[in-house]
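Have a look at the structure below before the remarks.
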Amino acid sequence: MTVKREYFDYCSDLHGIQHTYRVMVLAHRLGTVLNKIRERDLAIKAAFIHDMARRDDGRDIFHGLRACKTKIHLLEGTKRELREIQTAVYNHCEPKDIKPGHPHYVTAMILKDADLLDRVRMDKEIDWRRARFTETRQLEGYARTLLKITFDGDIFKDTVSRHQES
């Protein structure tokens, strides 16, 4: 999946191409660590569109809903998979999480935690109480190393394949 500027309604340094790629890589890494491969792969697709319908960098709890409606066509998958991706995208900017036990919970929480991990880009202290998985905090150093990479489609694939086995 190649992230393109034209896919975004609003593309910035904070919520643009590089952030999207990092969240995709972080979703891959977290899903692998959790050994939730199906959910990982869906969370990567959710990360691809999660901020594409933003209108600015401010707090906007509706950008996930807009992305579900206007960006889902950029993804391939079964109806069931696309519904799960939409649940994750919609939920990633909601103040309350869906409940554990919800059939799309793991996918949605992988996306939320991957997005949380990329807050290292803002050079602020992360509120780790917001992490849904205990493994998330262990990936902070990994998230910081991703800030040194400028991603494009090929580098994303290379980065993911390097960590496929780990």
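Each value in this text was obtained by applying a stated rule to the coordinates, not by laboratory testing. Here the structure is a predicted model, which means the values were calculated and not measured. Note that each Cβ is placed from the backbone with ideal geometry, even for glycine, and that neighbours are counted across all protein chains shown.
Would you confirm whether any residue within segment 118-130 is in contact with a helix residue (DSSP H, G or I) (Cβ under 8 Å, 6 or more places away or on another chain), among the aliphatic types (A, V, I, L, M), within 27 Å of LYS4 (Cα to Cα) and in contact (Cβ under 8 Å) with a residue 40 or more places away in the chain? Scanning segment 118-130 turns up no residue that is in contact with a helix residue (DSSP H, G or I) (Cβ under 8 Å, 6 or more places away or on another chain), among the aliphatic types (A, V, I, L, M), within 27 Å of LYS4 (Cα to Cα) and in contact (Cβ under 8 Å) with a residue 40 or more places away in the chain. Taking segment 63-85 on its own, how many of its residues are over 15 Å from LEU42 (Cα atoms), surrounded by fewer than 17 Cβ atoms within 10 Å (Cβ to Cβ) and in contact with a Lys or Arg (Cβ under 9 Å, 6 or more places away or on another chain)? So the answer is 0. For segment 33-67, the set of residues classified as over 14 Å from the mean Cα position of the chain (by Cα) and in a helix (DSSP H, G or I) consists of VAL33, ILE37, ARG38, LEU65, ARG66, listed by residue number.
Here CYS93 fulfils each of the conditions (1) out of contact with any Asp or Glu (no Cβ under 8 Å at 6 or more places or on another chain); (2) in a loop (DSSP other than H, G, I, E, B); (3) within 20 Å of MET52 (Cα to Cα) apart from (1). Which one is surrounded by the most Cβ atoms within 10 Å (Cβ to Cβ), of the residues in segment 96-129 that are outside any helix (DSSP H, G or I) and acidic (Asp, Glu)? Filtering segment 96-129 for residues that are outside any helix (DSSP H, G or I) and acidic (Asp, Glu), the one surrounded by the most Cβ atoms within 10 Å (Cβ to Cβ) comes out as ASP97.
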